[in-house]
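Student: For reference, the structure I am asking about is given below.
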Amino acid sequence: EVDGQQYETLQAAVDAVQGSGTIELTSSIALSDQVTIDSGKTIILDMNGETLSIGFSDSSKNLIVNNGTLTITGDGTFDATEATSYKGFINNYGTLTVENGTFQIADKAMRNQDGGKAVINGGTFSGGATIVRSFEGSNTTITGGSFTNSVYPAVDVNGETLITGGIFTNTSCSRCDSQNW
């Protein structure tokens, strides 16, 4: 929903935002395709306690590709536990702020790409491989949240990264599996 107007898909709501606006989920959604936020758009995604899940099997796609400015709030859930192979739930090239929410993955998670700026103030992140990946040329700040996984590092840093808070738990074992560390 954008300004009281409901849309059939999250992408249609994103497309309806002119410049800046708030999208409020009014129900849980299984995304049938990747959602892309264009540069020049500033969007607050109010999850409103609802769930975004992955409903497609194209492993070359993400749940959301952010090229603009995206803030996630509203204590919702990103559920990608059924996806055994896909790029991740957020691929950030713009400015991303995560205030809260639950992020559950089976494979990959949040990628902050070259030129991207990501700020994670809170949330619960769990599952599969690396939870936050900062690529060379990116800027990532983590001030809070809980990050738990059993494969690879919870946070993989190649870009500029500042961590001032949060709880990080990883139970991988390099002796158990030489492919994971």
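Student: Go through the range 157-172 residue by residue and turn each phi into a ³J(HN,Hα) via Karplus (6.51, -1.76, 1.60, θ = phi - 60°); whole Hz please, and just put x for glycine and proline.
Tutor: Coupling constants for the range 157-172: 10, 10, x, 6, 9, 10, 10, 10, x, x, 10, 10, 10, 9, 10, 5 Hz.
Student: What does the highest-first list of 151-159, 3-11, 32-40 look like by mean Cβ count within 10 Å?
Tutor: Highest mean packing first, the order is 151-159, 32-40, 3-11.
Student: Kindly work out what percent of the DSSP beta bridges joining two residues of the chain are antiparallel, to the nearest 5.
Tutor: Here the share of antiparallel DSSP bridges comes out near 5 percent.
Student: Ala12 to Ser172: FRET efficiency via 1/(1 + (r/R0)^6), r the Cβ-Cβ distance, R0 41 Å, to the nearest 0.05?
Tutor: Once the sixth-power term is evaluated, E becomes 0.55.
Student: Now, a different point. So what is the calculated 222 nm ellipticity per residue for the chain, using -39500 (n - 2.57) for each DSSP H run with n of 4 or more, over all residues, to the nearest 500 deg cm²/dmol?
Tutor: Rounded to the nearest 500, the figure is -1000 deg cm²/dmol.
Student: Let me ask you something else. Taking amide H atoms as placed 1.01 Å from N in the peptide plane, list the residues 5 or more away in sequence, or in a different chain, whose amide H sits under 5 Å from that of Thr97.
Tutor: Amide H to amide H, under 5 Å and 5 or more residues apart or across chains, Thr97 pairs with Leu70, Thr71, Ile72, Val119.
Student: Still on this structure, I have one more. So, for the chain, what is the accessible surface per residue at a probe of 1.4 Å, expressed in square angstrom?
Tutor: So the chain comes to 46 Å² accessible per residue, rounded to a whole number.
Student: Using the crude model of +1 on Lys and Arg Cβ and -1 on Asp and Glu Cβ, and no other charge, please compute the dipole size for the chain relative to its Cα centre, in debye to 20.
Tutor: 620
Student: Among DSSP beta bridges whose residues both lie in the range 1-58, state the antiparallel percentage, nearest 5. Don't skip to the answer; put the middle values down first.
Tutor: Numbers: 2 of 10 bridges.
Just about 20 percent of them are antiparallel.
Student: If you don't mind, there's one more thing I want to ask. By how many nm would the segment from Asp38 to Asp3 grow when fully extended, if each residue of separation counts as 0.36 nm and the alpha-carbon distance is taken off?
Tutor: That pair, Asp38 and Asp3, stretches by 10.7 nm at full extension.
Student: Continuing with this model, one more query. Could you list which residues have their amide H under 5 Å from that of Val35, counting only those 5 or more apart in sequence or on another chain, with H placed in the peptide plane?
Tutor: Amide H neighbours of Val35: Ile64, Val65.
Student: When N counts the residues of the range 1-81, how does its alpha-carbon radius of gyration compare numerically with 2.2 N^0.38 Å, as a ratio?
Tutor: That works out to 1.01 for the range 1-81.
Student: Amide H neighbours of Ile163 under 5 Å, counting only residues 5+ apart in sequence or on other chains, H built in-plane at 1.01 Å?
Tutor: Residues meeting the amide H criterion: Ile142.
Student: Also, I was wondering about something else. Modelling each spin label as a point 7 Å along the Cα-to-Cβ direction, I'd like the Thr97/Leu162 distance in nm, to one decimal.
Tutor: According to this spin-label approximation, the distance is 1.5 nm.
Student: Positive end of the charge dipole of the chain (Lys, Arg +1 and Asp, Glu -1 on Cβ, about the Cα centre): tell me which of Thr141, Thr9, Gly74 has its Cα farthest that way.
Tutor: So the residue furthest toward the plus end is Thr141.
Student: Here is a follow-up. Using a 1.4 Å probe, how large is the accessible area of Ile44, given in Å² and rounded to the nearest 10?
Tutor: Number for this one is 70 Å².
Student: So how far apart, in nm, are the two label points at Thr148 and Asp114 if each is 7 Å from Cα heading toward Cβ?
Tutor: 3.6
Student: Moving on. Per the Debye formula with a single identical scatterer at each Cα and no solvent contribution, what log10 I(q)/I(0) holds for the chain at q = 0.16 Å⁻¹?
Tutor: Log-scaled intensity ratios, in q order: -0.92.
Student: Averaging sequence separations of C-alpha pairs under 8 Å and six or more residues apart, then dividing by the length of the chain, give the relative contact order as a whole percent.
Tutor: 13
The values are calculated or read from the model by the stated rules, or taken from the named source; none is laboratory data. Source: prediction; values computed, not measured. A quick note on method: Cβ atoms are made from the backbone with ideal geometry, for glycine too, and the neighbour counts reach across all protein chains shown. When the accessible area is computed, the model is the full protein with side chains, heavy atoms only, and any ligands, DNA or RNA have been set aside. Shrake-Rupley method; radii C 1.70, N 1.55, O 1.52, S 1.80 Å.
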